[in-house]
2 protein chains.
Amino acid sequence: MKPILLTLITLMTLGSCRTNPSEVIGEAQPLSIYKDHLYQYSIIDALLAGVFEGELTISELKTKGDFGIGTFNNLDGEMIVVDGKVLKMRYNGEIVEVGGDEKTPLAYVKFFQADTSFVLHGPNFTFEELKERLAPYLNSNEIYAIRLKGNFDRVDARSVAPIPKPYPELADYLASGGQTSFTFKETSGTCIGFIAPEFTAQVNIPGYHLHFIDDDRENGGHVFGFQADSLSVEIDRIQGFIVDMNSHPDFRTIDLQKNRKKELEVVEQKQ
Amino acid sequence: MKPILLTLITLMTLGSCRTNPSEVIGEAQPLSIYKDHLYQYSIIDALLAGVFEGELTISELKTKGDFGIGTFNNLDGEMIVVDGKVLKMRYNGEIVEVGGDEKTPLAYVKFFQADTSFVLHGPNFTFEELKERLAPYLNSNEIYAIRLKGNFDRVDARSVAPIPKPYPELADYLASGGQTSFTFKETSGTCIGFIAPEFTAQVNIPGYHLHFIDDDRENGGHVFGFQADSLSVEIDRIQGFIVDMNSHPDFRTIDLQKNRKKELEVVEQKQ
């Protein structure tokens, strides 16, 4: 084959590949095999223990999913990833789209693809009642991503306030005024999050974990509870999960031996 | 460009790509970003609870790592993945290379790349003494793959016997004669396995978990303990882990709510 043709073929070949062959080890397969996986950076117990910094940038996070939840370094607000945008819902109510260079100490994202969709009609139901009504659709040994859209009579939410080092434990910080509670009334918006089984404890948050944002992208936060009359429900059963270790030095020195189950319950609920 | 040339380029392009672009979602990246990750199929608590079948074939498992441990469907022996070969170490002492169509209910593999290598000299030390001596090289919040090679004065190991359905819980089965214990003396071989932090409990096996095989590939099993005088130690610090859910129907109906920490301790040790 003539050199110019070979070069052309080589260039086209390289250009159309997403994999740099020199980086591939063994029979490594394309990432597409993990397209139905939850990606998480760090673990919930590290955040509970006070590791409020991570090394993953928002740019990198966006390559792992277009849907999800988390927080930011220094605990600067609740994260919601909605339609591929990473939004910060701050303790003062402000909501901003986040720059690619910011970092997260904890995030859970996925490329959302609903397997089951339906409308859950009222009369008026609470978050707890929704959980009961969705139970027949869920298996307690599986992981799900869930999206709820519609009109809410009321959403109880919170956001966290940034804090400089040295960091306290999360439950202590929230109990001592590190969070702001919001009540949004007669609002239209989206709850985004995950439902995780008990066996993911310490790594993920067993049960439901939702963040809310309204349609105008003006109000939102971590969901404590809500009342709704009719919601579209989309459930994405997840094939597995990927955990990236937090490479920040704090992660290596923190005590992760403690059982933080009760702390997690306190942190997840309105106090 | 002439049609024949275009076809040639297209064929070469397809042949050299590991990614099918139609399967890629969003800004998905090549698998090489997960090249330093532990891959695991199913979770330890499912095996403890009696889920002795999985849907992952050995062919598929080999694409996830060239190094690792696990077991086979129906609990037919201990698995060791050494230099890319998947070997079955049966309860009757037989060791065979496993066909690609066989399946596993639980396996942990990685493409092994040592970050730290050294020789641990005697005098004669036990597995427990080795753990003490390696402690300064390890962080209790990190995951490691580990390979130990050399001459062993003694290795205490076991393998499990296959069992038909209905499956008992693992601890009950092993206590009632479901395992064979071996003592190998004056042998030369390799221990392969992982060191996992406490926070991976229920999913992985906290602490050390090693399988042994001798250089002649004639003796091996799950390691209870050993005595050695000098071993080469290779440690591979792992950046994260990927968990694939077991898609076998048994996984969806088993009780994974129970705390099986004590059962795991019993199962891991010589009885």
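The values are calculated or read from the model by the stated rules, or taken from the named source; none is laboratory data. All of these numbers come straight from a predicted model, not from anything done at the bench. Note that we place each Cβ from the backbone using ideal geometry, even for glycine, and neighbour counts take in every protein chain shown.
So the values come out like this:
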| quantity | calculated |
| --- | --- |
| Segment A:156-182 residues that are of a type in the set (Phe, Trp, Tyr), paired with ones that are surrounded by fewer than 18 Cβ atoms within 10 Å (Cβ to Cβ) and at pLDDT 95 or above (beta carbon under 7 Å, 6 or more apart) | A:Tyr173/A:Ile163 |
| Filter result for the condition that a residue is touching a helix residue (DSSP H, G or I) at 6+ places or on another chain (Cβ under 7 Å), farther than 17 Å from B:Gly240 by Cα and in a strand (DSSP E or B), over A:Ile213, A:Ile242, A:Ile235 | A:Ile235 |
| Selection from segment B:50-72 of residues that are surrounded by 24 or more Cβ atoms within 10 Å (Cβ to Cβ) and among the small types (Gly, Ala, Ser) | B:Gly54, B:Gly65, B:Gly68, B:Gly70 |
| Number of positions in segment B:73-99 that are free of Cβ contacts under 8 Å to residues at least 40 places away in the same chain and either more than 13 Å from chain A (Cβ to nearest Cβ) or buried (at least 20 other Cβ atoms within 10 Å of the Cβ) (or both) | 6 |
| Top-ranked residue of segment B:245-263 - restricted to ones that are part of a helix (DSSP H, G or I) and at pLDDT below 95, ranked as nearest to the other protein chains (Cβ to nearest Cβ) | B:Lys261 |
| Where A:Ser232 falls short, out of the listed (1) within 14 Å of chain B (Cβ to nearest Cβ); (2) touching a residue at least 40 places away in the same chain (Cβ under 8 Å) | (1) |
| Conditions (1) loosely packed, with under 15 Cβ neighbours inside 10 Å; (2) at pLDDT below 95: number failed by B:Ser32 | (1) |
| Meets criteria (crowded, with 19+ Cβ neighbours inside 10 Å and outside any strand (DSSP E or B)) for B:Val223 | no |
| Residues being touching a strand residue (DSSP E or B) at 6+ places or on another chain (Cβ under 8 Å) and within 14 Å of chain B (Cβ to nearest Cβ) - total across segment A:52-72 | 12 |
| Those residues of segment A:139-193 which are among the small types (Gly, Ala, Ser), touching a Leu at 6+ places or on another chain (Cβ under 8 Å) and part of a strand (DSSP E or B), in sequence order | A:Ala145, A:Gly150, A:Gly193 |
| Single residue of B:Phe226, B:Phe184 found to be more than 12 Å from chain A (Cβ to nearest Cβ) and within 20 Å of B:Phe118 (Cα to Cα) | B:Phe226 |
| Segment A:117-146, subset closer than 23 Å to A:Leu47 by Cβ and more than 14 Å from chain B (Cβ to nearest Cβ), residue surrounded by the fewest Cβ atoms within 10 Å (Cβ to Cβ) | A:Phe127 |
| Segment A:102-116, subset polar (S, T, N, Q) and assigned to a strand (DSSP E or B), residue surrounded by the fewest Cβ atoms within 10 Å (Cβ to Cβ) | A:Thr116 |
| Condition check for B:Asp215: surrounded by fewer than 19 Cβ atoms within 10 Å (Cβ to Cβ), within 14 Å of chain A (Cβ to nearest Cβ) and over 24 Å from B:Ile33 (Cα atoms) | no |
